[in-house]
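As structure tokens, the structure follows; a few thoughts come after it.
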Amino acid sequence: MPKIVDHEQQRKRIAESAWSIIEEKGIEHASIRAVAAAAGLSPGALRHYFSTQDELLLFIVDYYLTRGVDKAAEGLVISHIPIKAAKEVVLQLLPMDAEKRTAVGVWWIFAIRSLRSEALQTKKDELTDGLHYLTKAVLEILAQAQLLPAAVDIQLETLRLAALIEGLTIMAMLRPELYASETIEQIVTLHIRELCLHGAATDG
């Protein structure tokens, strides 16, 4: 009787094997051959699931980054103080620990390759749209609490906050000695307070 293969479980095992390689050695070592060996498969068997490295990368991003965001959102307890709630959401989007720094490394490679790969562009747009959705939500928290000046352009500030997050993410990876977690939090706190009409110091 032919062996029944659980293809979804197999894809999960491949993704977990690839992620382990990325964490230990870096994404440049997550080749089709290396991932196949880690997952206990032949390169030919792995190509049955992912014919190119781009397809494998897309699955890794979808499996870890997208599901990781969903998991973080489910477990996040937001403060009832609006200015603190806004900061908490923003900090969730930044590489404040080793696991998130690994995810950022994967995202960078993915984003760069998406510029030349149609297969990756849709997911890239989905993830960047998600960032804009969350930064707009941060501003809406502040607006609903009447902490923003009436003249604030929500759409422009949504893009500016997303740019701040991406900029801090890059600098945290390039210059971790300057952009430690504590410094990142201070910058985020300052940015949010400067947006607000009257963010009391005790609320940060």
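Some observations on this one:
- Contact annotation: residue pairs with Cβ atoms under 6 Å, 6 or more positions apart or on different chains, pairing a residue in the stretch 1-20 that is under 29 Å from Arg101 (Cβ atoms) with a partner that is modelled with pLDDT under 85 and among the aliphatic types (A, V, I, L, M), are Ala15/Ile60; Ala18/Ala30; Ala18/Ile60.
- Ala143 passes every criterion in (1) open to solvent by less than 70 Å² (accessible area, probe 1.4 Å); (2) within 26 Å of Met173 (Cα to Cα); (3) without any contact (Cβ under 8 Å) to a residue 12 or more places away in the chain apart from (2).
To keep it simple, each residue is scored yes or no on (1) farther than 30 Å from Ser51 by Cβ; (2) among the hydroxyl-bearing types (Ser, Thr, Tyr).
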| position | (1), (2) |
| --- | --- |
| Ala98 | yes, no |
| Ser114 | no, yes |
| Gln146 | yes, no |
| Val152 | yes, no |
| Tyr179 | yes, yes |
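- Evaluation of Leu120 against the conditions (1) part of a loop (DSSP other than H, G, I, E, B); (2) in contact with a Ser or Thr (Cβ under 6 Å, 6 or more places away or on another chain) shows that the sole unmet condition is (1).
- Looking only at the stretch 115-140, and only at residues there that are of a type in the set (Gly, Ala, Ser) and open to solvent by less than 50 Å² (accessible area, probe 1.4 Å), the one that is nearest to Ser79 (Cα to Cα): Ala137
- Just one of the listed residues (Ile78, Ile109) is in contact (Cβ under 8 Å) with a residue 12 or more places away in the chain and of a type in the set (A, V, I, L, M, F, W, C), namely Ile109.
- Selection status of Lys136, closer than 29 Å to Gln53 by Cβ and not β-branched (Val, Ile, Thr): no
The values are calculated or read from the model by the stated rules, or taken from the named source; none is laboratory data. Model, not experiment: these values are computed from the prediction. In this analysis, Cβ positions are derived from the backbone assuming ideal geometry, glycine residues included, and neighbour counts consider all displayed protein chains. Just the protein is used for accessible areas: all its heavy atoms, side chains included, with ligands, DNA and RNA removed. Shrake-Rupley method; radii C 1.70, N 1.55, O 1.52, S 1.80 Å.
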